[in-house]
Amino acid sequence: MNTHNERAERWPGRIALMVAHCAGMVDLVALPVWVGALIAGYGLDPQRAGALATLFLLGAVISSMVCAPRFPRLRTGMVAVAGFTVAALAFFGVSLTTDYAVMAVLHAVAGAAAGAALSMTHGTVGRCRSPHRMFAMAGMALGVFAIVFLGLMPGLIASLGGPVLFRVFAGVMLVAAVVAALAFPSALVEKTVRALAAAPIAPAVWFAGFGIGCMGLVQAMMFSFLERIGADRGFAPGAVTGVLIALGFVNLLPAPLAALLERRWPAHLVVLGGPVVQAALALTIATSGGYAAYAFAGALFAAVMIFTHTFAFGLVAQLDTGGRALSATPAMLMMGAAIGPVLGGTLVKSAGYGALGAAAVAIGCVAVFCFARAGRRPAAVLS
C-alpha cells in the first residue's frame, strides 16, 4: 500500500506546505526585528523583550508536543487552518496593547496556535515521497519570504512604530490560513502509517531531536540580538539593515543546495559540521568590533541553520517513517529556540554580548555529541 500523501505531491499542495512553513517558521526570519522592535519601540530591556519571544516559542513547543503523538489521527488541514487563524487574531491583539502581561499571554497563544499548524505541516512534509526535497523547497520559500520581510520591516517599524510588526505577523498568519483552507494536503493517514506511528521512537531520533534543539537555541540566542549588536556598536542603521537584507538573499541558497547535495553528502556527516560552523559564526558576531566581520558572519548565520536542518529533517525521516517524529519537528527546533531569546537577553544584561559567543560554543559541543549519537545507525539506514 502506498503510504505517501499524493495530494502533497501536487503543486497546490506543495504551495500550501511552503506558505505554511514560512508562517510557522516566522521566528527564524523575524527574531532580530522582533526583539529589536520590542526594545526600541516599546522601551523594554533585552531580558523582557527576549522573554516575549520566548513565550511565543514555548507555546509552539507545548502545542507541538501535544499534537505530534496524535498526528496520524488528526485532520491536519483543519488543524492548520484553525492554528493560523488563532495566531493571526492573537498577533493583531498584540498590536493593540502596550500592557506587558497582555502581550505575554497573546504571544503564548500565538505560539501555541502557530506551533500546532506547523506540526501538521512538517508531519505532512514527512509523508512526501522525498521529505528532504520537499523540506528544501519549503526552505527556498522561506528564503524569499526573508528577503521581503527583512527588506521592508526595519523601515516600516521606524516610520510607523513597533505595533506594525505585529500587524504584519497577523497578515502573514491570515494568508497562511486562507491558503491552507484552499489547498492543504489533508488526506487521511493510512492504517499502515498508523501502525508505524504506534511503534516506539528509536533513541537515535531523540538524539537527533536534541541536536536540532541545541542548534535552535544558538540560532535564537544570537539571531535575536543581531540587529541590536550592530546598533550598539555604532554601525549606521542602513548598514545594519543591509546585513539583514543580505541575510535574506543568502538564505535563498542553502535549501536548494541541500536538495542538490542530498545524494552526495551523507546526512549524518552534514549534521556534525553544522553546529561547528554555527558556533564559529556566532563567536564572530559576538566578539568582533569591525563591520566587515560582523556583516559576513551575520549574513551567513541563518543559512547554516537552514542547510543543516534540511539534512537533519531528512535524517529523522529515515530513522522514523511514521511521521510522528517529523510532526514533532517544531518542538525539537523551538524547544531550544524558546530558551534562546530570554537566555540571550539575560547574558547580555549581565555580561555583555561577548557572553553570547561563549555560550554558543558550549551549546555547539553538545549538539555535535547528540548528532554523533544519532548517526550511529547501520549504513543501510543512512544511505
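Read-outs: derived from the displayed coordinates by stated rules, not from any lab. Keep in mind that this is a model prediction, so the values were computed, not measured. Positions of Cβ are backbone-derived with ideal geometry, glycine not excepted, and every protein chain shown enters the neighbour counts.
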Assuming 0.36 nm per residue, please report the length gained on full extension of the stretch Arg167 to Trp11 beyond their Cα-Cα distance. 53.3 nm
Amide N proximity, segment 273-302 versus Ala351 label position 7 Å along Cα-to-Cβ, cut-off under 20 Å: 276, 278-289
Rounded, prolate or oblate: which fits segment 122-161, taking a ≥ b ≥ c as square roots of the Cα gyration tensor eigenvalues, rounded meaning a/c under 1.5, else prolate when a/b beats b/c? prolate
Would you mind calculating the gained length between Met78 and Leu269 on full extension (0.36 nm times residue separation, minus the Cα-Cα distance), in nm to one decimal? 65.0 nm
Compute the length gained on full extension between Ser130 and Phe249: take 0.36 nm times their separation in residues and subtract their Cα-Cα distance, giving the result in nm to one decimal. 40.3 nm
Both in Å, the radius of gyration and Dmax of the C-alpha trace of the chain are 19.2, 61
From the backbone phi of segment 340-352, what are the Karplus-calculated ³J(HN,Hα) couplings (6.51 cos²θ - 1.76 cosθ + 1.60, θ = phi - 60°) in whole Hz, Gly and Pro given as x? x, x, 6, 5, x, x, 5, 5, 5, 5, 9, 9, x
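Treating the beta-carbon of each Lys and Arg as +1 and of each Asp and Glu as -1, no other charges, what is the dipole magnitude of the chain about its Cα centre, to the nearest 20 debye?
For this selection, approximately 960 debye.
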Integer Hz, Karplus 6.51/-1.76/1.60 couplings in order for segment 79-92, x for Gly and Pro: 5, 5, 4, 4, x, 5, 5, 5, 4, 4, 5, 5, 5, 5
Whole-number percent relative contact order across segment 75-182, with pairs defined as alpha carbons under 8 Å at least 6 apart: 47 percent
Go through Val205, Ser350, Phe371 and say which Cα lies farthest out towards the positive end of the charge dipole of the chain; charges sit on Cβ, +1 for Lys and Arg, -1 for Asp and Glu. Val205
Cα-based radius of gyration of segment 123-188 once divided by 2.2 N^0.38 Å, which approximates compact folds: 1.42
As I understand it, the dipole of the chain uses +1 on the Cβ of Lys and Arg and -1 on the Cβ of Asp and Glu, about the Cα centre. Which of His107, Ala359, Ala82 lies farthest toward its positive end? Ala82
Using 7 Å Cα-to-Cβ label points, what is the Phe369/Ala158 separation (nm, one decimal)? 4.4 nm
Using a Gaussian network model on the chain with a 10 Å cutoff between Cα atoms, which of Gly143, Gly354, Gly43 fluctuates the most? Gly43
If R0 = 25 Å, then Thr97 and Val144, at their Cβ-Cβ distance, give a FRET efficiency to the nearest 0.05 of 0.20
GNM on the chain, C-alpha springs below 10 Å: top fluctuator among Leu269, Leu226, Leu142? Leu269
GNM of the chain, Cα pairs under 10 angstrom: of Ala113, Ala372, Ala208, the biggest fluctuation goes to Ala372
At 222 nm, what helix-only mean residue ellipticity would the chain give, in deg cm²/dmol to the nearest 500, using -39500 (n - 2.57) for each DSSP H run of four or more? -27000 deg cm²/dmol
